[in-house]
Amino acid sequence: MMAMATPPGALRAQAAEGTLARFRAIVLARLGLEFPDRQSDSLAELLQHRLAWHRLDADSYLDSLQSDLLSGEFEALVPELTTPETYFFRNIEQFNALRELVLPALMQARRHTRSLRILSAGCASGEELYTLAMVLQDLTPGPDWDITLLGVDLNPEVLRKARAGRYTSWSLRETPDAARLRWFRPEGNDFALQPALREAVRFELLNLNEPAPNFWRAGAFDLIFARNVLMYFGRPALQAVLARMTQSLAPDGYLFLGHSESLRDLTEAFTLCHTHGSFYYRRRSGGDSQAEPAAPALVPPATTVAITTLSTVPTLPGAADPIEDALTLFDQERFEDAAARLATLNASAQRQPDAMLLHAMLRVHEGRHALAEDVAHELLTRDARNAAAHYVIALCRESTGDLAAARIRYEQAGKLDDGFALPHLHLAQLARGRGDAKAYRHQLARALALLEHESAQRLRLFGGGFDRIALQNMCRTELRRAIEGMRP
């Protein structure tokens, strides 16, 4: 029997798919970065751009890339594969915890050696490390202290910017006025760091995915900031990077992650700490007890690191409703599966408000805020009073640092639905950030009162994985501290 020939177009498609799969495998092996299928078009576009740049066919390019024959090529790829979004004093609550608790504790513990080693992993253009330097300068440990402030990144271009110490006003958008006046001087349309601060830090080129045993020495660091870095790694690379960081931390050292990142299900080497409205981790010494249960954040995180990636979408037992099926997968943080389940709906069903809101929140959890906003705006064109759509836009605005716009949208969501508790949690956090104690207490009290009757469906979608009781307990704790006049 004669075999049926494969159409030429199908052969070309198969070849393109194989080329892209090989490109992804090389990037994963070298950089540890893993990309879901939904980003295939973006990766294919990047690959075509690099082929044109080098004037090579796909096989020659990939052979050269795999053999390290293209000098600096991985460094050129990194800016296209990651989003180095950062600014001074980002998530200021963490820096408050650092200033008032973590650094004093470390300095007390090291009062005899008078040595402190701090690492900013994935430092991008340096704003985080310079903020750490500012905080340390305020604590003035003394001239006889040996303090190392080191930033590492794989992207040489952002490291050049970090070393130059010159920034636009956008990088200073959350910088307190006192720090702006003290540490920056205007230069044209930009702001330049004072030389003393630039001289206090050091930057190095480092691929976090490589073992680098001379760098990750046991106990090399007292404090590691690795915020919004782990989210880019595939699970095996993530575990390897985390193991190296853990080994390199002193037994009483601290690890700070991004506000939406978690060590849950990854390691038991750390104790979760919650102070000053933020979460961070302290490495356990050998005699420490089991991990403390994770306390919920005051505000459910706007983005979450998806650790589990499955290639197939299972049918859940007894799930007749595809939207409920997708929401259950969403509850389990199986975001790709949830998106795939939603995609099985027909066009009309996909435009139902519940489906659109879930679709928007999946985009939020992926960090694709522009797409999430597009979905929410589309929903608002059909129902301008949809409080949840305004809430989604507010989450996106907050995540991208546009706090004024986020506040307006949260207020709008609360006004359109006076039983919606979650906007008030975020408004409380925003009030706290700008130092408005009265508004902070008011919004906490309002959120606590509304949580009692908050929609269970809405809590599933917007609660960040925390249930009604957990959020109520957090509100009570923070409200009690605020009323008692304690500094959170």
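The values are calculated or read from the model by the stated rules, or taken from the named source; none is laboratory data. As the structure is a prediction and not an experimental result, all values here were calculated from the model. Cβ: placed from backbone, ideal geometry, glycine included. Neighbour counts: every protein chain shown.
None of Arg160, Arg198 is surrounded by 14 or more Cβ atoms within 10 Å (Cβ to Cβ), under 30 Å from Ser71 (Cα atoms) and more than 22 Å from the chain's Cα centre (by Cα) except Arg198. Whenever a residue of the range 174-195 is exposed (fewer than 13 other Cβ atoms within 10 Å of the Cβ), its partners that are at pLDDT 95 or above, lying with C-beta atoms within less than 6 angstrom and at least six residues away or across chains, give the pairs Arg185/Ala192. Filtering the range 36-53 to residues that are surrounded by 11 or more Cβ atoms within 10 Å (Cβ to Cβ) and over 28 Å from the mean Cα position of the chain (by Cα) leaves Gln48, Leu51, Trp53.
The residues of the range 326-383 that are out of contact with any helix residue (DSSP H, G or I) (no Cβ under 9 Å at 6 or more places or on another chain) and either part of a helix (DSSP H, G or I) or assigned by TED's automatic domain parsing to the domain that holds Glu261 (or both), listed by number, are Ala347, Ser348, Thr381.
Checked against (1) in contact with a Ser or Thr (Cβ under 9 Å, 6 or more places away or on another chain); (2) closer than 18 Å to Glu93 by Cβ; (3) outside any helix (DSSP H, G or I), Ala406 passes all but condition (3).
Name the single residue that is surrounded by the fewest Cβ atoms within 10 Å (Cβ to Cβ) among those in the range 420-461 being outside any helix (DSSP H, G or I) and in contact with a helix residue (DSSP H, G or I) (Cβ under 6 Å, 6 or more places away or on another chain). Selected residue: Phe420.
If a residue must be among the hydrophobic types (A, V, I, L, M, F, W, C) and not in a helix (DSSP H, G or I), how many such residues does the range 212-250 contain?
Here the count works out to 14.
Going through (1) closer than 29 Å to Arg217 by Cα; (2) crowded, with 16+ Cβ neighbours inside 10 Å; (3) without any contact (Cβ under 8 Å) to a residue 60 or more places away in the chain one by one, Leu56 falls short only on (1). Within the range 408-432, residues that are outside the structural domain of Thr275 (by TED's automatic domain parsing) sit with their Cβ atoms under 8 Å from residues that are surrounded by fewer than 24 Cβ atoms within 10 Å (Cβ to Cβ) and among the hydroxyl-bearing types (Ser, Thr, Tyr), at 6+ positions apart or across chains, in these pairs: Gly419/Ser455; Ala428/Tyr440; Ala431/Tyr440; Arg432/Tyr440.
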